[in-house]
Amino acid sequence: MIDDRSARQGVHLRVVGVSDSKSLVVASDVFTKEFNDNLLSEICRLKADHSSLSTLISGECQVFLDSDLRGKLSEIASLLGTSTGLAFVDCSASSETVEILTQAVDLGCCIVLANKKPLTSTKEDYDKLVSRPRRIRYESTVGAGLPVIASLNRILSSGDPVHRIVGSLSGTLGYVMSEVEDGKPLSQVVKAAKSLGYTEPDPRDDLSGMDVARKALILARLLGMRINIDSIKIESLYPEEMGPNIMSVEDFLSTGLPLLDNDIGERVRKASLNGNVLRYVCVIEGSRCTVGIQELPKNSPLGRLRGSDNVLEIYSRCYSEQPLVIQGAGAGNDTTAAGVLADILDIQDLFP
């Protein structure tokens, strides 16, 4: 289906290499060969089974292990460079990919990111990655397949200054806050979210707010703010004494989480008396960037949010009284993959 879609746009996409953290699989000749559907399906099967790519056996490709990984990736980037439109696509959740990504930038390659961590690294790493803005795409780092980055770029490119962004950028926390609004205890809602597969294996990864903070940092830097992650005020939904280094996941769910029910329940009731609801949001305004629970009007786009959708309100000179609102599914493999594919196709114009 990808081949059909790209062919209609006059583009032929060649997958010439796939890497995990321990190994790299490369086409036998990166200039003329590519991975066919059968080989790609086998790679997907291996990773779905949590197997290493090093176990792949095929006459159509070469396998390189960890010790050769960085050198081989650099070699491929140097060989293909800018002439063939080589794109490095990072769908990991690792901060250790920054080095090879910056090398790829130096060699004139394109970068497509679903991984937030390179863009939320140091300001120096960030500046290097975005030094050639036409050669980097990262739509799926914020809102999965939603056109958040593209919309902001269009507004900024038009000279329309953005002065405020408010967004619910976690499907997990969007679901949690809309459920506690109905009077359900926080502990019950989090356990339900975990059983539905909305949370990470340890729900504290979501409840800490760090994932939202990384997305907020990407947006803030896009607006020109020169800040790091530690510049963001982050409200965690659990106290330090319930952290992963102190309490196991099982203990947190069974004994720790219920202790938080009364506080959240009281905050929900107070917000309701004011005609408001609670939402876990990022707020970017002026030089300020915060992440945490906010009281918002029930009839606002964020106040009407239900379930695991993401919602972003963008206020600018042109969108001053009525913000530009972007809403839709903000998580999931399919939506993220669609966003990554759209980014890959978007850079085709650089290579006629």
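The values are calculated or read from the model by the stated rules, or taken from the named source; none is laboratory data. What you are looking at is a predicted structure, and each value in this text was computed from that prediction instead of being measured. Neighbour counts are summed over all protein chains in view; Cβ atoms, including those assigned to glycine, are modelled from backbone coordinates with ideal geometry. Only protein heavy atoms, including side chains, enter the accessible area calculation; ligands, DNA and RNA are left aside. Shrake-Rupley method; radii C 1.70, N 1.55, O 1.52, S 1.80 Å.
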- Looking at (1) within 26 Å of residue 300 (Cα to Cα); (2) of a type in the set (D, E, K, R); (3) open to solvent by less than 10 Å² (accessible area, probe 1.4 Å), which is the one condition that is false for residue 204? (1)
- Task: Taking residue 134 as the residue in question, decide whether it is outside any loop (DSSP other than H, G, I, E, B) and modelled with pLDDT under 95.
- Result: yes
- Starting from the range 95-109, take each residue that is at pLDDT below 90 and list its partners that are buried (at least 20 other Cβ atoms within 10 Å of the Cβ) and assigned to a loop (DSSP other than H, G, I, E, B), counting only C-beta distances under 6 angstrom and pairs at least six apart or across chains. 109/86
- Go through 184, 191 for me and flag whichever is open to solvent by 50 Å² or more (accessible area, probe 1.4 Å) and without any contact (Cβ under 8 Å) to a residue 12 or more places away in the chain. 184
- Query: Could you say which residue among 174, 167, 159, 108 is assigned to a loop (DSSP other than H, G, I, E, B) and farther than 30 Å from residue 71 by Cβ?
  - Reply: 159
- Message: With the structure loaded, tell me whether residue 275 is open to solvent by less than 30 Å² (accessible area, probe 1.4 Å), more than 21 Å from the chain's Cα centre (by Cα) and touching a residue at least 12 places away in the same chain (Cβ under 8 Å) or whether it fails that test.
- Response: no
- Message: Condition (residue is open to solvent by 30 Å² or more (accessible area, probe 1.4 Å) and modelled with pLDDT of 85 or more) applied to the range 60-76: is it met by at least one residue?
- Response: no
- Query: Looking at (1) on the phi < 0 side of the Ramachandran plot; (2) open to solvent by 40 Å² or more (accessible area, probe 1.4 Å), which is the only condition residue 50 fails?
  - Reply: (1)
- For the range 17-46 the number of residues that are more than 24 Å from the chain's Cα centre (by Cα) and open to solvent by less than 50 Å² (accessible area, probe 1.4 Å) is 6
- Query: Right, residue 183: in the same structural domain as residue 302 (by TED's automatic domain parsing) and on the phi > 0 side of the Ramachandran plot or not?
  - Reply: yes
- Quick one: in the range 322-337, which of the residues that are farther than 24 Å from residue 193 by Cα and open to solvent by 40 Å² or more (accessible area, probe 1.4 Å) is nearest to the chain's Cα centre (by Cα)? 325
